[in-house]
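Inspection log for the structure reproduced underneath, given as structure tokens.
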Amino acid sequence: MNTITELLRSDVVLGDGGYLIELERRGYVDSGSGREKVGTGRGSGQFTPEVAVEHPEALRQLHREFLGAGSQVLQALTFFGTREKLNRAGYGAQTESINTAAVKLAQEVAGGKALVAGSVSRTQLTEREGMESLGKSRDHLAEQIRLLKDAGVDFLILETFFHLAEMKVALECAAAASLPAVATMSFRPLISKCTDGYSPAECAKVMADLGAIAVGANCEQDPQRMLPVLREMRAATSVPLAAQPAAFHTTEACHSFTRLPAFPDDLETIQVSRAEFLNFGRRARAEGIGFLGGCCGCNAAYIRALSRGVAEGK
Ligand SMILES: [Zn+2]
């Protein structure tokens, strides 16, 4: 099996889709919306990965579906798996077991036919407590990355970071653990800058300088709306680009689906068709995208469409 760096060198690499929203729809993940207002941007919402220990069969099944759709990389469901986020959801004491179980499940399904990436996202401390909490963030991110490394992930996907400052911390932790990292920022409420004020071009440059093997964007926008972000990043750096858009429509006034009233309980009303992912796959080479997958709202049908698009785009 080639490493992620070798795969990126040879062709477009097909990732997988979104886990938490899909497993929430299937009844295995808690959106938190019954207890608090989710989607305020203030570190709200549950969407934590305890399904890895509570309903392993459901997670195994979704991995199988993505593998069957052509994914060359399976992401272990360790998104929002820092002790900080798990603590607030009542699962802090299971931080080790959730992260380890998630990696083992992905490895078992991958069976050497796909690489396994550890997914690492923001802690939500920056949203809740501000930049002074970056030291605490570092401890939490370093802990999770150590758990993922011990469980044997092939590389990391650092994703859905809203603050470049926290992404920098995560990249430093990845480098300290000697794990290659794909790094993707998320932009809200508009695609012009991240929450701490940096443009997509500035983000791309900083992430590449800190050693990311691919840089890009994930979540929040549908492919069409994400394209300008990717083009701006392409102009700023020569490392491979990574894109994992969401499958939800956004608006001219709000480029971010988690800030729209439909999030999280009415997402069916803004679902993007899989045809848009087919087209995005066809465009991937022309747009210089090296790592291509989907985020929230993308099930295996979307990844199959993306895969077909990539094949047709050759
Ligand atoms: Zn997402």
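The values are calculated or read from the model by the stated rules, or taken from the named source; none is laboratory data. Here the structure is a predicted model, which means the values were calculated and not measured. Every residue, glycine among them, receives a Cβ derived from its backbone with ideal geometry; neighbour counts consider all protein chains shown. Note: accessible area is taken over every heavy atom of the protein model, side chains too, but ligands, DNA and RNA are not part of it. Shrake-Rupley method; radii C 1.70, N 1.55, O 1.52, S 1.80 Å.
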message: Restricting to region 51-61, and then to whatever is touching a residue at least 40 places away in the same chain (Cβ under 8 Å) and under 27 Å from residue 161 (Cβ atoms), can you tell me which residue is surrounded by the most Cβ atoms within 10 Å (Cβ to Cβ)?
response: 52
- prompt: If you scan region 31-50, which residues turn out to be within 29 Å of residue 305 (Cβ to Cβ), out of contact with any Pro (no Cβ under 6 Å at 6 or more places or on another chain) and either of a type in the set (Gly, Ala, Ser) or open to solvent by 10 Å² or more (accessible area, probe 1.4 Å) (or both)?
  reply: 39, 45, 47
query: So, of the residues in region 7-44 that are assigned to a helix (DSSP H, G or I), within 17 Å of the chain's Cα centre (by Cα) and among the hydrophobic types (A, V, I, L, M, F, W, C), which turns out to be farthest from the ligand (Cβ to nearest atom)?
result: 23
Top-ranked residue in region 188-204 [being open to solvent by 10 Å² or more (accessible area, probe 1.4 Å), within 14 Å of residue 233 (Cβ to Cβ) and in contact with a helix residue (DSSP H, G or I) (Cβ under 6 Å, 6 or more places away or on another chain); ranked as farthest from the ligand (Cβ to nearest atom)]: 201
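Conditions (1) open to solvent by 10 Å² or more (accessible area, probe 1.4 Å); (2) within 16 Å of the ligand (Cβ to nearest atom); (3) assigned to a loop (DSSP other than H, G, I, E, B), marked per residue:
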residue	(1), (2), (3)
215	no, no, no
243	no, yes, no
255	yes, yes, yes
264	yes, yes, yes
276	yes, yes, no
280	no, yes, no
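Among 207, 185, which is under 26 Å from residue 278 (Cβ atoms) and open to solvent by less than 20 Å² (accessible area, probe 1.4 Å)?
Of the residues listed, the single one that is under 26 Å from residue 278 (Cβ atoms) and open to solvent by less than 20 Å² (accessible area, probe 1.4 Å) is 185.
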- prompt: Is there any pair with a first residue in region 205-218 that is in contact (Cβ under 8 Å) with a residue 60 or more places away in the chain and a second that is part of a helix (DSSP H, G or I) and open to solvent by 10 Å² or more (accessible area, probe 1.4 Å) whose Cβ atoms are under 7 Å apart and which are 6 or more apart or on different chains, and what are they?
  reply: 213/5; 213/8; 214/8
query: What number goes with the only condition from (1) in a helix (DSSP H, G or I); (2) more than 30 Å from residue 136 (Cα to Cα); (3) open to solvent by 10 Å² or more (accessible area, probe 1.4 Å); (4) of a type outside the set (Ser, Thr, Tyr) that residue 2 does not pass?
result: (1)
- request: List every residue pair whose Cβ atoms sit under 9 Å apart, with the two residues 6 or more apart in sequence or on different chains, where the first one lies in region 287-300 and is over 22 Å from residue 270 (Cβ atoms) and aromatic (Phe, Trp, Tyr) and the second, anywhere, is at pLDDT 95 or above and within 15 Å of the ligand (Cβ to nearest atom).
  value: 291/15; 291/157; 291/182; 291/184; 291/216; 291/242; 291/243; 291/244
- request: Being in a helix (DSSP H, G or I), in contact with a Gly (Cβ under 9 Å, 6 or more places away or on another chain) and under 21 Å from residue 152 (Cα atoms) is the filter here, so list the residues in region 45-85 that pass it.
  value: 52, 62, 66, 67, 83
message: I'm told residue 172 meets every condition in (1) part of a helix (DSSP H, G or I); (2) over 20 Å from residue 76 (Cβ atoms); (3) open to solvent by less than 20 Å² (accessible area, probe 1.4 Å) except one. Can you identify the failing condition by its number?
response: (3)
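Conditions (1) of a type in the set (A, V, I, L, M); (2) in contact (Cβ under 8 Å) with a residue 60 or more places away in the chain, marked per residue:
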| position | (1), (2) |
| --- | --- |
| 9 | no, no |
| 14 | yes, yes |
| 41 | no, yes |
| 49 | no, no |
| 67 | yes, no |
| 79 | no, yes |
Options 160, 123; residue that is among the β-branched types (Val, Ile, Thr), open to solvent by less than 10 Å² (accessible area, probe 1.4 Å) and more than 16 Å from the ligand (Cβ to nearest atom): 123
- request: Would you please name the residue that is farthest from the ligand (Cβ to nearest atom), looking only at residues in region 148-157 that are open to solvent by 10 Å² or more (accessible area, probe 1.4 Å) and not in a loop (DSSP other than H, G, I, E, B)?
  value: 150
